[in-house]
Amino acid sequence: MVSVAAVTPKTFKLKSTMAALVFIASALSLNLQAATCEDIDQPKCTQELSTGITMSYLEAGQAGGETIFLLHGLTDSSRSWSLAMRELRAAQPDWHIIALDQRGHGGTSLPAAEKCADKPEACFKMSDFADDIVAFMDAKKIAKASFIGHSMGSFISQEMALAHPEKVNKIVLVASSNKGLDNPVLRDYVLKEPVEGAWKKALDAKGITKPADVYNALPSDADPKIEEWLAKFWDVDPVANPELVKAIVKDTAQVKLGTWIGATKALLAQDNTERLKTLSVPTLVLWGTQDAIFYKDPDQTGLQAALAEAAKAGKAKSVWKQYGVTALPASGAQENELGHNLQWEAPKEITADIVAFIKTGMPTLDLYRADAKQMTTIVTEAGKASLVPAN
């Protein structure tokens, strides 16, 4: 310690300079620490939740700004929103943008096996995902936010708006439906085969049969060539950036079977048809014409009808917007047009619609479609959007 008598103008100046340097270094350290949450290729931040989950997430922008949550789909992670998140950050640097790894996905923990292994779907209900988000918001002191959800994330966004409307400004549903109940893709091409088909047989042959062991197993325990299978049958998108899809395949391969089983079964039990008629939160739906999971009919027609009932009852206005122009081919697989993963395929365009909707309550009036000759190129046709407003 320096005594008062020893503090000369020279030493005072030196101490002041050192203090300033320490302050600047501390500030830089804080900025660097914050930056690690801003990019998918850096370590993510984590938050312990009152629900027992340790949540991994990306975070960017101004903490006091408009808060936007980005919610991914089944077996995905925050990487699903990485390109769109960068576009959003550039378009609205004053917004507070958070992309979550939801329970059992990405870097976020599985619910405890001792409580969930016997019946995983009981721990992956849409209300369970929403409870995690509420706990996260409480921990971060976020009073209200808008939610942008893709596929499964769209059902979680619906759950937030229906069960916790006081915490929700607006929702954007990307590749959504009014229900997952008995969805043929989830039922036949995920759960029945391979999860409860080839994968179960392979695990049985290895003696991995106890519920807790299956719950904590990886798909690679059942299929050593899992990344090849995912790239051929699951994480498939001919329009999206190939490098992004490759990275997503590697992430998906690390999602444990407890999540595959629990979240798929929970989605197959979800039916919001009646609940959506009471929706009180402004809603935007974005759908690609070659969505091979949630079809035009019955998924989009069912969703439109439910939202129209909410609007008719004076609850909330909504608008549905189509991406692409070419219908799903007879093969049932996306081939040459925008489809299920709009945020992978058209991150800049989806950002334009999100920003417009959050600010004005309407998306852009532009039509976005894949270029027939160069599918990874998105064509904009000004003023030609196909919209279905629910007034």
Next on the checklist: Looking only at residues that are in a helix (DSSP H, G or I) and open to solvent by 80 Å² or more (accessible area, probe 1.4 Å) in region 188-211, which one is nearest to Leu74 (Cα to Cα)?
Outcome noted: Tyr189
Item to check | Failed condition for Gly65, given (1) part of a loop (DSSP other than H, G, I, E, B); (2) out of contact with any Phe, Trp or Tyr (no Cβ under 6 Å at 6 or more places or on another chain) | outcome: (2)
Checklist outcome for this item: Taking region 50-65 and the residues there that are farther than 15 Å from Pro93 by Cα and open to solvent by 20 Å² or more (accessible area, probe 1.4 Å), the one that is nearest to the chain's Cα centre (by Cα) would be Thr54
Checklist entry - Is it the case that region 281-291 has a residue that's farther than 18 Å from Gln158 by Cα, in contact with a His (Cβ under 6 Å, 6 or more places away or on another chain) and in contact (Cβ under 8 Å) with a residue 12 or more places away in the chain? => result yes
Next on the checklist: Within region 174-181, does at least one residue satisfy the condition of being open to solvent by 40 Å² or more (accessible area, probe 1.4 Å) and either on the phi < 0 side of the Ramachandran plot or not in a loop (DSSP other than H, G, I, E, B) (or both)?
Outcome noted: yes
Checklist entry - Pick from Thr376, Thr380: which is modelled with pLDDT of 95 or more, in contact with a helix residue (DSSP H, G or I) (Cβ under 9 Å, 6 or more places away or on another chain) and open to solvent by 40 Å² or more (accessible area, probe 1.4 Å)? => result Thr380
Checklist outcome for this item: Among the residues of region 263-300, the number that are farther than 19 Å from Gly149 by Cβ and either small (Gly, Ala, Ser) or open to solvent by less than 10 Å² (accessible area, probe 1.4 Å) (or both) is 1
Item to check | Criterion violated by Pro93 - all others in (1) closer than 19 Å to Val355 by Cα; (2) in contact (Cβ under 8 Å) with a residue 12 or more places away in the chain; (3) not in a loop (DSSP other than H, G, I, E, B) satisfied | outcome: (3)
Item to check | Search result, residues across region 375-391 that are more than 17 Å from Thr289 (Cα to Cα) and outside any strand (DSSP E or B) | outcome: Ala382, Gly383, Asn391
Checklist entry - What number of residues within region 109-160 satisfy the criterion of being under 22 Å from Ala63 (Cα atoms), open to solvent by less than 10 Å² (accessible area, probe 1.4 Å) and not in a helix (DSSP H, G or I)? => result 5
Checklist entry - Can you name the residue in region 161-172 that is out of contact with any Leu (no Cβ under 7 Å at 6 or more places or on another chain) and not in a helix (DSSP H, G or I) and, of all such residues, is nearest to Gln300 (Cα to Cα)? => result Ile171
Checklist entry - So which residues in region 354-364 are open to solvent by less than 40 Å² (accessible area, probe 1.4 Å) and of a type in the set (S, T, N, Q)? => result Thr364
Checklist outcome for this item: Cβ pairs under 7 Å, 6+ apart or interchain, first in region 360-374 and assigned to a loop (DSSP other than H, G, I, E, B), second of a type in the set (S, T, N, Q) and modelled with pLDDT of 95 or more, ordered by first then second residue, are Asp366/Thr380; Asp371/Thr377; Ala372/Asn336
Next on the checklist: Being farther than 18 Å from Ser176 by Cα, hydrophobic (A, V, I, L, M, F, W, C) and surrounded by 20 or more Cβ atoms within 10 Å (Cβ to Cβ) narrows it down to one residue among Leu303, Leu342, Leu367; which is it?
Outcome noted: Leu367
Item to check | Boolean, Lys321 is touching an Asp or Glu at 6+ places or on another chain (Cβ under 8 Å), touching a residue at least 24 places away in the same chain (Cβ under 8 Å) and either of a type in the set (D, E, K, R) or open to solvent by less than 30 Å² (accessible area, probe 1.4 Å) (or both) | outcome: yes
Next on the checklist: Given the criterion hydroxyl-bearing (Ser, Thr, Tyr) and open to solvent by less than 20 Å² (accessible area, probe 1.4 Å), identify the matching residue among Thr326, Thr351.
Outcome noted: Thr351
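The values are calculated or read from the model by the stated rules, or taken from the named source; none is laboratory data. Everything numeric in this text was worked out from a predicted model, so none of it was measured. Every residue, glycine as well, gets a Cβ built from its backbone with ideal geometry; the counts of neighbours run over all protein chains shown. These area figures cover heavy atoms from the full protein model, side chains too; ligands, DNA and RNA do not enter into them. Shrake-Rupley method; radii C 1.70, N 1.55, O 1.52, S 1.80 Å.
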